[in-house]
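Q: Dropping the structure in here first, questions after.
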Amino acid sequence: MSLRTKASVLSLITATVMILHTGLSVAADTMPEPTSKPAKTVGSKERITVAREAIKAKDFKKSIAELTLAVQEHPGNADLYNLLGFSYRKQASPDLPRAFEYYRLALKVDSEHRGANEYIGEAYLMDKKPAKAEEHLAKLKSICGNTTCEEYQDLAKSIADYKAKNKS
């Protein structure tokens, strides 16, 4: 190849690169900006906060979704299992088997968890098993050391109400 041919080929390549570069710059300048923000990573503390807010708002579907993810991140957390049990029990159509499953997991992690003992007792009343609810009332008396703790008083009231409604 002659020197003149090499120079022509080199000029052609340079011109092509410049055209491509200019075209890409123009294309980049005319592209629209993304309209959505990148997804924010949510930590377990935020999940728990969102779940508690959802429970207060009686949005149990949302609380269950958030708590299920939080439990995957912290599988040994009795509070999370207790809140999951509560959410399954308090839905418009209570899912007692799932509620019992999560209350039992909470009590397996912490057998003296006051909330789980109260709530599983209330679930037993929904399941028409007052004797089982009374077992958890006795457990709360032992845990609290008296009958003045809130969980004991709430479950005692629920049992009394249940018995009053179900007198034969």
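Q: Give me a count of the residues in the range 74-100 that are surrounded by fewer than 21 Cβ atoms within 10 Å (Cβ to Cβ), of a type in the set (D, E, K, R) and within 21 Å of Leu140 (Cβ to Cβ).
A: Adding up the residues that qualify gives 2.
Q: Same structure again: Of everything in the range 122-131 that's in contact (Cβ under 8 Å) with a residue 12 or more places away in the chain and assigned to a helix (DSSP H, G or I), which residue is surrounded by the fewest Cβ atoms within 10 Å (Cβ to Cβ)?
A: Met126
Q: Could you please give the count of residues in the range 56-73 that are surrounded by fewer than 19 Cβ atoms within 10 Å (Cβ to Cβ) and not hydroxyl-bearing (Ser, Thr, Tyr)?
A: Of all residues in the range 56-73, those surrounded by fewer than 19 Cβ atoms within 10 Å (Cβ to Cβ) come to 56-59, 61-62, 65, 68-69, 72-73.
The next check asks that each one be not hydroxyl-bearing (Ser, Thr, Tyr); those that pass are 56-59, 61-62, 65, 69, 72-73.
Selection size over the range 56-73: 10.
Q: A further question on this structure: Restricting attention to the range 55-96, which residues are among the hydrophobic types (A, V, I, L, M, F, W, C), closer than 21 Å to Glu118 by Cα and not in a loop (DSSP other than H, G, I, E, B)?
A: Ile55, Phe60, Ile64, Leu67, Val71, Ala78, Leu80, Leu83, Leu84, Phe86, Leu96
Q: Out of all the residues in the range 137-144, is one or more crowded, with 19+ Cβ neighbours inside 10 Å, of a type outside the set (D, E, K, R) and free of Cβ contacts under 8 Å to residues at least 24 places away in the same chain? It would help to see each step written out before you state the result.
A: In the first step, residues of the range 137-144 are kept if they are crowded, with 19+ Cβ neighbours inside 10 Å; the result is 137, 139-140.
Among the residues that remain, those that are also of a type outside the set (D, E, K, R) are: 137, 140.
Applying the additional criterion that residues be free of Cβ contacts under 8 Å to residues at least 24 places away in the same chain yields 137.
So far as the range 137-144 goes, yes, one or more of its residues are crowded, with 19+ Cβ neighbours inside 10 Å, of a type outside the set (D, E, K, R) and free of Cβ contacts under 8 Å to residues at least 24 places away in the same chain.
Q: Which residue, of Ala123, Ala138, is out of contact with any helix residue (DSSP H, G or I) (no Cβ under 6 Å at 6 or more places or on another chain) and modelled with pLDDT of 95 or more?
A: Numbers: Ala123 fails: out of contact with any helix residue (DSSP H, G or I) (no Cβ under 6 Å at 6 or more places or on another chain).
When all the criteria are applied, what remains is Ala138.
Q: OK, next. Determine if the range 24-45 includes at least one residue that is buried (at least 16 other Cβ atoms within 10 Å of the Cβ), at negative phi and modelled with pLDDT under 95.
A: As a first pass, look at the range 24-45 and keep what is buried (at least 16 other Cβ atoms within 10 Å of the Cβ): 44.
Applying the additional criterion that residues be at negative phi yields 44.
Adding the requirement that they be modelled with pLDDT under 95 leaves 44.
Yes.
The values are calculated or read from the model by the stated rules, or taken from the named source; none is laboratory data. Only a predicted model underlies this, so the values are computations on that prediction, with no experimental measurement involved. All Cβ positions, even for glycine, are placed from backbone atoms using ideal geometry, and neighbour counts span all protein chains on display.
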